[in-house]
Amino acid sequence: QANNAQLFDLVYGGKVPPKPVPQKPPVDRTVYKVEINEADPVKGAPNALITMVEFSEFQCPFCKKLNPTVDQLMKDYDGKIRLVFKQNPLPFHKDAMPASMAALCAKEQGKFWEMHDKLFAGQPALDAATLEKYAGEIGIDAGKWKACMGENRYNAQILADQEMAGKVTARGTPNVFINGRKMTGAKPVEEFKAIIDEELKKAEAVVAKGVTPD
């Protein structure tokens, strides 16, 4: 007892041990080089100081859950952020690959984000007939869209996105990179904002030294 009064009270005195204080995981400050190209669907300010790259797929329920958070970030950081969407259809989701193709075929006609929203809103209905129905609802040329789908025209682009996902350890979905810093899963908007604010300060400091935003 003299050596360890606290332990004596717990073992012999019948005291209830205190609840452990939850520890926050350490902040991951790894910066990944996530390559983007002209074929990627993009929205937001072209020369934004924050680039958010989202590896996602349309059959994933967690990706759907993240979608309102991404929309909120695009609104709250309007003019300071751009979103790049990368396709990462997972092999155990049978409708994910056709859905990714459907979105990219819609992009040919300038309607990627409209199809993106339809696919998430309609989840889990992503069979071939439903994809065609969505294409009609967003007002694109059905014949051109069907031809694109029939040719699997964007198969190579999707595979390239998946290869890039592997290189930056974004194997599941969703994974979001904020100026190269990874956020995995449908985290609360506050966690995204904490990293965005930190990276925004860094970027603004670099621009203040004369580096152009692009």
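The values are calculated or read from the model by the stated rules, or taken from the named source; none is laboratory data. Here the structure is a predicted model, which means the values were calculated and not measured. All Cβ positions, even for glycine, are placed from backbone atoms using ideal geometry, and neighbour counts span all protein chains on display. We work out accessible area using only protein heavy atoms, side chains counted, and drop any ligands, DNA or RNA first. Shrake-Rupley method; radii C 1.70, N 1.55, O 1.52, S 1.80 Å.
Please state, rounded to one decimal and in Å, the Kirkwood hydrodynamic radius that region 42-165 gives when every pair of distinct Cα atoms enters the mean of 1/r.
About 14.8 Å for region 42-165.
Please give me, ordered by residue number, the GluC sites (Glu not before Pro) of region 130-187 that lie in loop per DSSP and have at most 13 other Cβ atoms within 10 Å.
Taking region 130-187 and a limit of 13 other Cβ atoms within 10 Å, the loop GluC sites (Glu not before Pro) found are 151.
Kirkwood Rh, Cα Rg: Rg to Rh for region 30-107?
0.98
For q = 0.13, 0.23 Å⁻¹, what log10 I(q)/I(0) does region 103-214 give under the Debye formula with an equal point scatterer on each alpha carbon and no solvent?
Values, matching the q order: -0.73, -1.20.
Rounded, prolate or oblate, given the Cα gyration tensor of region 153-213, with a/c below 1.5 counting as rounded?
oblate
For the chain, what are Rg and Dmax over the alpha carbons, in angstrom?
Considering the chain through its Cα atoms, Rg and Dmax are 22.5, 86 Å.
Please work out how much length the chain gains when fully extended from residue 153 to residue 194, using 0.36 nm per residue of separation minus the C-alpha to C-alpha distance, in nm with one decimal.
10.9 nm
Counting DSSP beta bridges with both partners in the chain, what percentage is antiparallel, nearest 5?
Antiparallel bridges make up about 60 percent of those DSSP assigns within the chain.
Could you please state how large a percent of the accessible area of the chain is carbon and sulfur, counting protein chains only and using a 1.4 Å probe?
Whole-percent figure for carbon plus sulfur exposure: 56.
For residue 201, what is the net charge nearby, where nearby means another residue's Cβ is under 15 Å from its Cβ and Lys, Arg count +1, Asp, Glu -1?
Within the 15 Å Cβ shell, the charges total +2.
Can you tell me the 0 to 90 degree angle between the C-alpha axis of helix 112-122 and the longest principal axis of the chain, rounded to 10?
Computed tilt is about 60 degrees.
For the chain, what does the relative contact order come out to in percent, with C-alpha contacts under 8 Å and a separation of six or more?
29
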